[in-house]
Amino acid sequence: MKKLNVLCGVLLAALSLNAGIVNAGGLVESAGTKLPETKIIPNIIDEKEELLRVLIHEKALLEKEKDAVIKSIKSDLEENKNKWAAVQRDLQKDPDDQFLNKKRSLLTELHDVLDDLLRTWENLPKKISDAIAILDKYVKDIELREYKKDLKLSAGPYFFEDLEDIYQKLSGKQKFVDQLKKRREALIKDQKSLAIAVEKQTEEYKDKKSKQDEFSKATDTQDSAIPFGMTVQQRAELLTLEGLLAKLKKDLTELQLREKKYELILVENEFFVETLHLDVLQETQRIIKSSITVTAEQIEVANQQLEKKKQTFSLLKTRYSDEISKLRRLREEEELKLREVSKRFDVPLGNELDTWNWQPKKTLESYVGLCEVGLLNTYVRLIDDKETLFATLIALEQEKINYAEEVVKIKETYYKVTIRKFISEDEITQEIKKYTDHQTAHEAAIKSYKTKKDETEAQMSKLQNEVLDRIKKRKLDVQQQKDSLFRNNIKEYAGCLSNLDKAEGYVSFRIDYINAVSKAYAETITTLEKIAGYSRFILTELESITIWYRPEWAITWDGIQNIGTDIRLFLSDVRTYVSQFGFGIIFEKIKDVFKKPMGIYYACACIVYWFYYCVFLVNNDLVCFFHCDESASDARPLSFCIILSCFNSVFTFSCVSIYSVFYFIQ
């Protein structure tokens, strides 16, 4: 009996940890779970392998055919070019000749069609090769192990940043899949249009061939019926060209239809593979989402780190601002000198001087003035570019701080979502509006920075390809004037060359500064896009919840449909379990126990224990049911939570009661 008592005690201790173990077990199970192997229906695999074999065979045939066809087309192009040139020479003698004008028009069309044929034949092997590459890669790795490896995802533990990262990958993949879907639809539409065009052009070719055959049977007496006063020979030549043009147009359309066929195969299989990749990402997101937690402590740590970043940024901003102040003072001094020199040498300031496009007069003073004013002007522009770089770096660091602040705010919102802190629909709506406004602002900022980046790159390209070239040409021009304009002015000659060399160096420095500005803009855009990604992520979370929200993996329609069946099975198991006890015998023993003083003590102690334990367990089950997503068991379906609650309550009631009975019996 003592052994039985100890056994029951152990059983109760185990049951008291039951709910917590189930909840924690979900986290361990989710965190340790590898990405599920992608299951593909065998006949689909066979279909892809067969298609791959067919394409490889078609490619081999195409390669054999291609060289000869391309050689023939190039020969026809050359012949057509010579005929066109001959007609053009004849037209110079008689521009109004109707036959020659018609023939030139047909030869021009023939050239265009032959050119399209050549280009299509040259591109056709790549279309089929790309389709083969997609299929070959898939067939060699049906379970997508390489793709999963390339994702570089750890097996856990996961953090909030992992969730955002997988969301970004998932969003990008979804966009790409949608683009492939639209492209596939467009290709199907193009195929139908080309098929109709082939039928139409086949009829046109037959019609042209029929007219040509009929005309070839005509006699010389029909000369008067030939339009524009052409001879039979001229009309026959035009009909031959028209027939050839109709045939080549038909051949071109058939080839384009063939090209679309391979392109459609490529897109369809790319869509198939990318959809599998999308499934992998969705499953990965589910695993990460069910495993991560955001706590108040984590948010507090994030806020502390944010404050440190702000302090560092404040020091950096002060240093950069001091540099900007120095540059502005220097610019004022140099600008004053520039205006004086410009006035003295009568060299106007403006865009022509900025780009070294101003042409000096053929005088010594004009050349010397251009070199001096141009050098000083280039130096002022260099100061401007350096100031712009510091201002851009400040803006970049500010966006990094904004990014860190946004991440903390999003973590706080996500934390509120997970602990049900949104108590009304209005509160959720306000939060959604806040992030929608943020999203709009981020997109506008991204657009603005992209415009600035494009302008900066255009300016850099102009300096590299135009301004430097003009300075070099000006140096060459000065050197050529050495024995004429600068013949008795060696000092001025040396000064001009020295100033031009310095100006060239300043322009090179300007290019470096502008390139750094462009890179800073690119990094700023990347940072803003990451912020926008976070905003899209949290908007998705907010838009999917209400105050009764449960995670999508916690409630499924299949789970709801199986509630009745699961409860009936559970009650059947309980009934079978309870039926093994003889309640009559136990009742008699209980009556005997109450005859002893110690039995009454045991009864009271067990009732109190039973009451406390059941209240604790029911409360724990309610928390698990209504806040499933707060625990690690949030990957459990609704039916499981209901059965777990019933099981904990009923089975614990039975065990505690039996435990009490054994005390009484003892």
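Can you name the condition, by its number, that ASP96 falls short on among (1) within 30 Å of ILE45 (Cα to Cα); (2) assigned to a loop (DSSP other than H, G, I, E, B); (3) among the charged types (D, E, K, R)?
(1)
Between LEU468, LEU463, which is of a type in the set (A, V, I, L, M, F, W, C) and farther than 30 Å from LEU528 by Cα?
After ruling out the rest, the residue left standing is LEU468.
Does ASN402 qualify as being crowded, with 20+ Cβ neighbours inside 10 Å and among the polar types (S, T, N, Q)? Walk me through it before giving the result.
Details: crowded, with 20+ Cβ neighbours inside 10 Å: no; among the polar types (S, T, N, Q): yes.
For ASN402, the condition - crowded, with 20+ Cβ neighbours inside 10 Å and among the polar types (S, T, N, Q) - is not met.
If you take the residues of region 486-515 that are hydrophobic (A, V, I, L, M, F, W, C) and open to solvent by 40 Å² or more (accessible area, probe 1.4 Å), which of them is modelled with the lowest pLDDT?
Taking region 486-515 first, the residues hydrophobic (A, V, I, L, M, F, W, C) are 486, 490, 494, 496-497, 500, 503, 507, 509, 511, 514.
Then drop every residue that is not open to solvent by 40 Å² or more (accessible area, probe 1.4 Å), which leaves 490, 494, 509.
Numbers: ILE490: 90, ALA494: 93, PHE509: 96.
The residue in question is ILE490.
Of the conditions (1) over 47 Å from the mean Cα position of the chain (by Cα); (2) over 26 Å from LEU241 (Cβ atoms), GLU58 fails just one. Which one is it?
Of (1) over 47 Å from the mean Cα position of the chain (by Cα); (2) over 26 Å from LEU241 (Cβ atoms), only one is false for GLU58: (1).
How do the pairs read when you match residues in region 413-430 that are polar (S, T, N, Q) with residues anywhere that are open to solvent by 10 Å² or more (accessible area, probe 1.4 Å) and in a helix (DSSP H, G or I), using Cβ under 7 Å and keeping only pairs 6 or more apart or on different chains?
Every condition considered, the pairs that remain are THR413/GLU431; THR418/ASP629; THR418/GLU630.
Between residues in region 290-305 that are within 17 Å of THR413 (Cβ to Cβ) and residues that are open to solvent by less than 70 Å² (accessible area, probe 1.4 Å) and in a loop (DSSP other than H, G, I, E, B), which pairs lie under 8 Å by C-beta distance while being six or more apart or on different chains?
What qualifies is ILE292/TYR158.
Across region 360-389, what is the number of residues that are open to solvent by less than 30 Å² (accessible area, probe 1.4 Å) and under 34 Å from the mean Cα position of the chain (by Cα)?
Going through region 360-389 one residue at a time, the tally reaches 2.
Restricting to region 159-179, name every residue that is under 8 Å from the mean Cα position of the chain (by Cα) and surrounded by fewer than 14 Cβ atoms within 10 Å (Cβ to Cβ).
GLY172, LYS175
Would you tally the residues in region 99-143 being closer than 30 Å to LYS48 by Cβ and assigned to a helix (DSSP H, G or I)?
Initially, region 99-143 is screened for residues closer than 30 Å to LYS48 by Cβ, giving 120-143.
If we keep only those that are assigned to a helix (DSSP H, G or I) too, we end up with 120-140.
Residues that pass the stated criteria total 21.
Based on what the data block shows, is LEU91 exposed (fewer than 12 other Cβ atoms within 10 Å of the Cβ) and either aliphatic (A, V, I, L, M) or over 26 Å from ARG235 (Cα atoms) (or both)?
Values: exposed (fewer than 12 other Cβ atoms within 10 Å of the Cβ): no; either aliphatic (A, V, I, L, M) or over 26 Å from ARG235 (Cα atoms) (or both): yes.
It is false that LEU91 is exposed (fewer than 12 other Cβ atoms within 10 Å of the Cβ) and either aliphatic (A, V, I, L, M) or over 26 Å from ARG235 (Cα atoms) (or both).
Taking into account only those residues within region 425-453 that are under 14 Å from ALA532 (Cβ atoms) and open to solvent by 80 Å² or more (accessible area, probe 1.4 Å), which is farthest from the chain's Cα centre (by Cα)? Full working, then the answer.
Initially, region 425-453 is screened for residues under 14 Å from ALA532 (Cβ atoms), giving 435-450.
Checking the rest, the ones that are also open to solvent by 80 Å² or more (accessible area, probe 1.4 Å) come to 440, 443, 447, 450.
Numbers: THR440: 19, GLU443: 15, LYS447: 17, LYS450: 17 Å.
Out of the qualifying residues, it is THR440.
Are any residues in region 405-415 open to solvent by less than 30 Å² (accessible area, probe 1.4 Å) and either within 18 Å of LYS326 (Cα to Cα) or of a type in the set (Asp, Glu) (or both), and if so, which ones?
GLU406
How many of the residues in region 432-468 are in contact (Cβ under 8 Å) with a residue 40 or more places away in the chain and out of contact with any Phe, Trp or Tyr (no Cβ under 7 Å at 6 or more places or on another chain)? Working first, answer last.
At the first step, the residues of region 432-468 found to be in contact (Cβ under 8 Å) with a residue 40 or more places away in the chain are 432, 435-436, 438-439, 442-443, 445-446, 449-450, 452-453, 456-457, 459-460, 462-464, 466-468.
Within this subset, residues satisfying the condition of being out of contact with any Phe, Trp or Tyr (no Cβ under 7 Å at 6 or more places or on another chain) are 432, 435-436, 438-439, 442-443, 445-446, 450, 457, 459-460, 462-464, 466, 468.
Within region 432-468, residues that are in contact (Cβ under 8 Å) with a residue 40 or more places away in the chain and out of contact with any Phe, Trp or Tyr (no Cβ under 7 Å at 6 or more places or on another chain) number 18.
Among the residues of region 519-558 satisfying the criterion of being small (Gly, Ala, Ser) and either over 30 Å from GLU397 (Cβ atoms) or modelled with pLDDT under 90 (or both), which is nearest to the chain's Cα centre (by Cα)?
Kept after step one, since they are small (Gly, Ala, Ser), are these residues of region 519-558: 520, 522, 532-533, 535, 544, 554.
Keeping just the survivors that are either over 30 Å from GLU397 (Cβ atoms) or modelled with pLDDT under 90 (or both) gives 532-533, 535, 544, 554.
Working: ALA532: 13, GLY533: 11, SER535: 16, SER544: 22, ALA554: 29 Å.
Across region 519-558, the extreme among qualifying residues is GLY533.
Quick check on region 342-357: of everything there that is farther than 19 Å from GLU504 by Cα and surrounded by fewer than 17 Cβ atoms within 10 Å (Cβ to Cβ), which residue is nearest to the chain's Cα centre (by Cα)?
PRO348
If you check GLU283, GLU263, which single one turns out to be acidic (Asp, Glu) and surrounded by fewer than 19 Cβ atoms within 10 Å (Cβ to Cβ)?
Details: GLU263 fails: surrounded by fewer than 19 Cβ atoms within 10 Å (Cβ to Cβ).
It is GLU283.
Does region 454-477 hold any residues that are open to solvent by less than 50 Å² (accessible area, probe 1.4 Å) and either of a type in the set (Phe, Trp, Tyr) or touching a Leu at 6+ places or on another chain (Cβ under 9 Å) (or both), and which are they?
In the first step, residues of region 454-477 are kept if they are open to solvent by less than 50 Å² (accessible area, probe 1.4 Å); the result is 456, 460-461, 463, 467-468, 471, 474-475, 477.
Of everything in region 454-477, those that are open to solvent by less than 50 Å² (accessible area, probe 1.4 Å) and either of a type in the set (Phe, Trp, Tyr) or touching a Leu at 6+ places or on another chain (Cβ under 9 Å) (or both) turn out to be ILE471, ARG474, LYS475.
The values are calculated or read from the model by the stated rules, or taken from the named source; none is laboratory data. The shown structure was predicted, so the numbers you read here are calculated from the model rather than taken from an experiment. Heads up, the Cβs are rebuilt from the backbone with ideal geometry, glycines too, and the neighbour counts pull from every protein chain shown. With ligands, DNA and RNA removed, areas are computed over all heavy atoms of the protein, side chains included. Shrake-Rupley method; radii C 1.70, N 1.55, O 1.52, S 1.80 Å.
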